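Since the structure comes first, as structure tokens, the remarks are kept for the end.
The values are calculated or read from the model by the stated rules, or taken from the named source; none is laboratory data. Predicted model only: the values in this text are computed from it and were never measured. Cβ coordinates were reconstructed from backbone atoms using ideal geometry, including for glycine residues, and neighbour counts include every protein chain displayed. All accessible areas refer to the heavy atoms of the entire protein, side chains included, with ligands and DNA or RNA removed. Shrake-Rupley method; radii C 1.70, N 1.55, O 1.52, S 1.80 Å.
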Amino acid sequence: QVQLVESGGGLVQAGGSLRLSCAASGRTFSSSAMAWFRQAPGKEREFVAAISWRGYSTNYADSVKGRFTISRDNAKNTVYLQMNLLKPEDTDVYYCAARGTGWPASSPNDYDYWGQGTQVTVSS
């Protein structure tokens, strides 16, 4: 069983930056992809970014391209989401997800494990 724990959320002014972290523990797969999704109250879960386990391939939602960067440190079993030029529309609970195998897909149905979420709030 894989456990994912997100951290790094908080309140930031528009135009500012935050870095989210996702630490994995338990059983992990060397070929797995990791991803970030976000979800606001009453809305469906939205894809943000994904990365292959070795970091050679990445996938971003159009809404965050050029502003967010996903990366990983496999020695620490940790995936990061660097968020720059934040907008109020980025306010959401951000969730980390992992696949047992496969590519950095954009559908939440392709992921097997989920973290508990971390709140990101961007003020005007």
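Give me a count of the residues in segment 98-124 that are over 9 Å from ALA33 (Cα atoms) and either outside any loop (DSSP other than H, G, I, E, B) or in contact with a Pro (Cβ under 9 Å, 6 or more places away or on another chain) (or both).
12
Give me a count of the residues in segment 43-94 that are farther than 17 Å from LEU18 by Cα and β-branched (Val, Ile, Thr).
So the count comes out to 2.
So which residues in segment 87-124 are aliphatic (A, V, I, L, M) and over 15 Å from the mean Cα position of the chain (by Cα), if there are any at all?
VAL122
For residues in segment 109-124 being open to solvent by 90 Å² or more (accessible area, probe 1.4 Å) and over 20 Å from ASP90 (Cβ atoms), which is modelled with the lowest pLDDT?
If we take residues in segment 109-124 being open to solvent by 90 Å² or more (accessible area, probe 1.4 Å) and over 20 Å from ASP90 (Cβ atoms), then ASP112 is modelled with the lowest pLDDT.
Name the single residue, out of those in segment 27-74 being open to solvent by 60 Å² or more (accessible area, probe 1.4 Å) and at pLDDT below 90, that is nearest to GLN119 (Cα to Cα).
Start the filter on segment 27-74 by keeping residues that are open to solvent by 60 Å² or more (accessible area, probe 1.4 Å), which leaves 27-28, 30-31, 41-46, 54, 56, 58, 62, 65-66, 69, 72.
If we keep only those that are at pLDDT below 90 too, we end up with 27-28, 30-31, 41, 54, 56.
Details: ARG27: 26, THR28: 25, SER30: 28, SER31: 28, PRO41: 11, ARG54: 27, TYR56: 28 Å.
Among residues in segment 27-74 that are open to solvent by 60 Å² or more (accessible area, probe 1.4 Å) and at pLDDT below 90, the one nearest to GLN119 (Cα to Cα) is PRO41.
Do we have TYR94 as open to solvent by 10 Å² or more (accessible area, probe 1.4 Å) and touching a strand residue (DSSP E or B) at 6+ places or on another chain (Cβ under 7 Å) here?
Against the criterion (open to solvent by 10 Å² or more (accessible area, probe 1.4 Å) and touching a strand residue (DSSP E or B) at 6+ places or on another chain (Cβ under 7 Å)), TYR94 does not qualify.
How many residues are open to solvent by 20 Å² or more (accessible area, probe 1.4 Å) and either part of a strand (DSSP E or B) or of a type outside the set (S, T, N, Q) (or both) when one looks only at segment 17-26? Before you say what the answer is, go through the steps one by one.
Looking only at segment 17-26, we keep the residues that are open to solvent by 20 Å² or more (accessible area, probe 1.4 Å), and these are 17-19, 21, 23, 25-26.
Restricting the remaining residues to those that are either part of a strand (DSSP E or B) or of a type outside the set (S, T, N, Q) (or both) gives 18-19, 21, 23, 25-26.
Of the residues in segment 17-26, 6 are open to solvent by 20 Å² or more (accessible area, probe 1.4 Å) and either part of a strand (DSSP E or B) or of a type outside the set (S, T, N, Q) (or both).
In segment 1-16, how many are over 16 Å from TYR80 (Cβ atoms) and either assigned to a loop (DSSP other than H, G, I, E, B) or at pLDDT below 95 (or both)?
Within segment 1-16, residues that are over 16 Å from TYR80 (Cβ atoms) and either assigned to a loop (DSSP other than H, G, I, E, B) or at pLDDT below 95 (or both) number 6.
I'd like to verify a number: residues in segment 29-82 that are part of a strand (DSSP E or B), out of contact with any Asp or Glu (no Cβ under 7 Å at 6 or more places or on another chain) and of a type outside the set (Lys, Arg), how many?
Count: 22.
Give the number of residues within segment 75-90 that are within 17 Å of TYR60 (Cα to Cα) and open to solvent by 10 Å² or more (accessible area, probe 1.4 Å).
6
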